[in-house]
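Step one of this worksheet: look at the structure below.
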Ligand SMILES: *Cc1c(COP(=O)(O)O)cnc(C)c1O
């Protein structure tokens, strides 16, 4: 177990050298009123540079991360992020600018954002993009606000949004946050939207439909064109949760399928390290008739100059303080430019191939309820292990001992004991085979020694946590 950094501290140790002073030294009191100055010293650890580096390196290894091992967390696209992205995002010209600088001094940054918007238009088959939302769910909220504005611009107050029962949890919460009521749509026996149910529930009071495609079972919505037509017949808006765009790059796009709005998770599909609650980016792309409702400011090109404009009276306004999380945009720009169209197509093709390889190889030991060709992920079930007294949670916990992050579990809700696996394209066959082998070992253990599985994990810094307590009674203090 790694010690606290305070335990390395001893007086006088130092990790940085400050430049020798070149100006006359003045007392802090000459600048800051005495009442605002602290009365006692800050309790900071005094440590050397190697101690700091080792401490944080050791800490980082106590947790799982994509640079450490396989991370098949379904719906999250935990793929390897090329380090060149970080390197370029850290260049001084990108990292040291400020959003409130005069436009003429940040032309390069505006050009990058403008070009990224255009690339995302091409990738989604849409007319306009805003880069402002800070996460996928934030993009959803922005999209639903655009939906609302659209209906209001026609003098209508629509009340409901339709959401399939397989939807990602953020979809109903975004609809609710924008003051809509949600109506659930049933899935059919193939795991797709039940068209009859949609026909029954679609009315002129429904603002729109939000669907994830491929859906959370990793399946392509087979009747997507029909679905879109039904909603459009009532002038509803069809929203595609595009967080799973990793499955579609260069193969098809929301625009071609007839969607009106989609969000893109730059941090998932376009490779920014994520998962620790760090900055994300959830741009939304819309068709032409919705363009005027997008958040301001918008980036415009005027000859060879780029400028920001808030002159959009019908805009939903601002959804973030400034312009979005620029560092994530730089990474996405680098990633897309580096791969090009062919490279992006390879991403999705390999993501699909990898998921299907695992699906087929695992299906003899782990039930796959909707077992047919999937997109970038699939959902297995631990239900056939229940009779051995083993839950999906036990399987997930045991995986940690083998240096594998657990898949997403108990989601989507329509699969019992769900195990949602997304290998991503950045794993090779060897890594996939190792995972298959580990899953085989766990299955064997479930039959031979179920008691042991209940106690897993054995090798992690902490064992089974009381998850409810950890959430409700969070204690992150070091106790001093
Ligand atoms: C990840 C995800 C979201 C939410 O994205 P965040 O950036 O985490 O807010 C929404 N829908 C689906 C299908 C997702 O996989």
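Every number here is computed from the coordinates shown, using simple stated rules; none is lab data. Everything quoted here is computed from the prediction, not taken from an experiment. All Cβ positions, even for glycine, are placed from backbone atoms using ideal geometry, and neighbour counts span all protein chains on display.
Below, the figures for the structure above:
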quantity: Residue list for segment 333-357, given a label point 7 angstrom along the Cα-to-Cβ vector of residue 84 and an amide N cut-off under 20 Å; calculated: 333-351
quantity: Euclidean distance of C-alpha centroids, segment 20-51 and segment 344-410, integer Å; calculated: 54
quantity: DSSP bridge orientation in the chain - percent antiparallel, rounded to nearest 5; calculated: 55
quantity: Global geometry of segment 84-339, whether rounded, prolate or oblate, following the gyration tensor of its Cα atoms and the 1.5 cut on a/c; calculated: prolate
quantity: Order by protection proxy (mean Cβ within 10 Å, highest first), peptides 287-293, 206-212; calculated: 206-212, 287-293
quantity: Sequence ranges 442-455, 326-339, 174-187, ranked by mean other-Cβ count within 10 angstrom, highest first; calculated: 326-339, 174-187, 442-455
quantity: Extent along principal axes [Cα atoms of segment 262-416; Å; largest to smallest]; calculated: 67, 32, 32
quantity: For the chain: rounded, prolate or oblate by the Cα gyration tensor [a/c cutoff 1.5]; calculated: oblate
quantity: Value of [θ]222 nm, deg cm²/dmol, for the chain, DSSP H segments ≥ 4, -39500 (n - 2.57) each, nearest 500; calculated: -11000 deg cm²/dmol
quantity: Estimated Rh, segment 225-350: Kirkwood, alpha-carbon pairs, angstrom; calculated: 16.4
quantity: Shape parameters for segment 5-62, alpha-carbon atoms, Rg then Dmax in Å; calculated: 16.1, 46
quantity: Three-way shape call for segment 384-462 based on the alpha-carbon gyration tensor, with the a/c threshold at 1.5; calculated: oblate
quantity: Relative exposure of 284, 84, judged by other C-beta atoms within 10 Å (fewest first); calculated: 84, 284
quantity: Convex hull projection area averaged over all views, segment 237-286, Cα basis, nm²; calculated: 3.6
quantity: Listed peptides 71-79, 245-253, 368-376 by packing density, highest first (mean Cβ within 10 Å); calculated: 71-79, 245-253, 368-376
